[in-house]
1. Round to the nearest 10 and give me the degree value, 0 to 90, for the angle of helix 571-583's Cα axis relative to the longest principal axis of the chain.
2. Provide the FRET efficiency to the nearest 0.05 for the residue 99-residue 68 pair, computing r from the beta carbons and using R0 = 22 Å.
3. Compute the relative contact order of the chain as a whole-number percentage, counting only Cα pairs closer than 8 Å that sit 6 or more residues apart in sequence.
4. Just need the relative contact order of the range 344-453 here, percent rounded to a whole number, with Cα pairs under 8 Å and 6+ apart.
5. With Rg and Dmax of the Cα atoms in Å as the read-out, I listed (1) 26.4, 89; (2) 39.1, 161; (3) 25.5, 82; which label goes with the value calculated from this structure?
6. For the chain, take the longest principal axis of its alpha carbons; what is the angle in degrees between that and the long axis of helix 624-638, to the nearest 10 within 0 to 90?
7. Only counting other Cβ atoms within 10 Å, I'd like 209, 3 sorted with the fewest neighbours first.
8. Report the label-to-label distance for residue 579 and residue 353 in nanometres (one decimal), using points 7 Å from each Cα along the Cα→Cβ vector.
C-alpha cells in the first residue's frame, strides 16, 4: 500500500486528526509542516527555499506551500516567525547522477532539487511524507525530542544515494557559514558541525548521522572555490578518500548500493549545541530502527498534549483551533542534551540542574497571549522550566540581562522591550513555583535598569524615550511602561514595597507622550516638544513606532485603560476612536513598506501584535458589546482553513494563542493582572484540563452565526455582570456560560465597577 493511501494513525475524532499542519504554510503565515514533538529540539521537515531568492521574508520557515520543488529536509526550523534562520543539516536522498548544486525550481534535474506534488504529500502531528517526483523516492519523517528519523523508499534494486549539504542557510538564503566540519566514523556514522553568522552570530550546531545500512562509498566535498574538488590523482586528495573535511562550503555524498532491504534506508540525525560527541550521545534517545514505532510515539505525545482541550464547534473552527493549539506547543523549544548540557548566551557550555533548558523566546510577540495560554494548558514544571531558562540565560548573559529575542541560547536583540518581565511576573502571580522569586526579581530589575539597551538610559532621564535620541521612542516608552508595571506587581507580591512603588511610578511614564489634542500617543523630543509634522499613519523604521503607526500603537496601555479613557475625554471618546480604527478605509498600500503590517481591517492590523488587544478595549469604556461585534469581524477574516489561513506570521504561537483565548471567550489584555477581559465565544462548548487537575469549561447557549452578542453570562451558575474573568475563578475549575443573542445587551458589563482594571487594589 502506498504511504499516501495508508490510514492516518490518529482516531478520526481525536484532536490530532483535526490538526492541519499545512495551515499557515502559505501566504504570510510562515509556518512549517515538518515532524516534531511538543516543544521538540528537532523540527525536521522540507525546505523549498532556494538560495537565489532575493526576497527572503516569504521563506522564513524554509517551506512555502506555493512552491513546487523541494531542496531537501533539514532538522531545525522556526514555525511562524518574521525572520529566517536555521535549516541545519540538510539531507536529500537521490538516484542517478550526483549533482552537487541545488539547481533551479523551474528546470527539472538541473540539480539535486526535486519537484513534488501536494497530492503526494502528507503531514500529521509528528509525521511528514512526500514523494520526490524527479527521483521517484518516497520520504517519511518523524522525530523524538532530539533525534530526527528519516525513511527513504528508493524501490527494489535501486542504488540508494544521499546528499548532505552544510552550505545552505535559511538566513536571508545566503551562505552564512563561518566554519563547518564533516567526519566519517566507520561505515554507519557521520558527524560534523557548523558555525554560522546569521541572526544569532557565532551559533554552533553539532550533529551525528547514523545509517541503518553500511556505506558502500562516500565523497566529502568542499566547494569554496565554486567548483567541487574532483578528479584528483594524488592519493588522499580525491573526495572518496577523505575521512575528515573542514571549510565553509561542505557537502557529503553517501552511496548504499542496490541491495537495500525492501529498497529502504533509514537515517537518524541527532543534534547538539555542545559537541559531536554529545550529538552521538543524544542518539541514545532513539536506540532502535522501528520507524513505525517512533511515529506512533510522536503521535501519542501530540495526542496527550492536544487532548487537554476538548472542543465542540463547527468543523472549520475545530480544525483551526486544534491547529492553533498544535502551533502553540512548539516554542519555546527544548535545547539541551540528554545529560543536561547546553550552550548558553556566553557561548560556553553549562548543565541544567533540576530543570530542562529551553530556548527560542520570541518575547515581544509571545508574552501577550502565548505564555498566558501555556500557563493554562501546560504543567507547572514546564512553565517553571521556561522561567528557569530565562533566569540562567540572564546569569550567563555577557550583559547581565534577561533574553530579548533568543534562539539556540543566543541573543538576537530583535524587537523592543524587556518582555521576559511580564512572562515571569504572570507565571509567579498565577501560582507557578519551582524558581527563586527573589532571584527572578533581581534579574527583572537588571533588565529594567540596563541603560545601554534601547534608550533605557534616556527613558530613566526624561521619563520617556526622546525621538531625537533613539528610534521608535513612542513604542519603547509604552512597552517599557507596561514591563515596569509587571515588575511592580511582582515586587508587591513579594513584600518589596519600595521597589514596587518605584516601578509603579515608572509604569506611568507613558503619560508623557499622551496628546490630549489629537488623542494619540506621539513622539516627543528631548526638549519636550511633540514631533511635527504629525502623521498618525507614519509607520515602521525611522518613525516613532515599532512595526506600526500611531493608529495601532496609541492604545498600548494595557495596565491603565482609565488613562486612555481620560485622554480621549471619557468613555464616548474611546469608543469613537476605536470605531475609527476599524471603520477607516482599508488602504494596504499605506503600510505596504512594512512586511508585518497585515490582516488589515481599517487601521487595525491583526497580522501583527500591537493590534491584538485593541478590540477588547471597548470593555474599558463600558461597551463590551462593541468588543463582541469586532471579534465577529476579526475571527472569520483572519483565521481560515487552508495554507493561507493566517493573516500574518504566527510569531511562534502568538497568533494561534490569540485565537484560542478569543474562541473560548476571554483574553489576557494585561498579563500580570490576573484578570482576563471577556469577549464572546466561537465554540459551542469547550473543556480545558488545567495543570492543577481541575477543568475549566465554556458553553455557549443559542450559539449561531447570527447571534453575535452576549445577552448574559453565568459563572458556576450565578449571574456574572462583569466584563472581567478573574484567574483565580478560572483556576478553581469554573464553568463559564454565555447566553448568545442577535441584539446587543448594552447594559451588561457597562457599569464602572464591572470594567477591567479600574477598581483593582493596585490602582
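1. On a 0 to 90 degree scale, this one is about 30.
2. Calculated transfer efficiency: 0.75.
3. Details: 1841 pairs, mean separation 88.4, N = 763.
Here the relative contact order equals 12 percent.
4. Details: 138 pairs, mean separation 35.8, N = 110.
It comes to 33 percent, rounded to a whole number.
5. For Rg and Dmax of the Cα atoms in Å, the calculated option is (1).
6. Helix 624-638 sits at roughly 20 degrees to that axis.
7. Ordered by Cβ neighbours within 10 Å, fewest first: 3, 209.
8. The modelled label-to-label distance comes out at 6.2 nm.
Each reported figure results from applying straightforward, stated rules to the coordinates on display, with no laboratory input. The shown structure was predicted, so the numbers you read here are calculated from the model rather than taken from an experiment. Cβ atoms come from the backbone with ideal geometry, glycine included; neighbour counts cover every protein chain shown.
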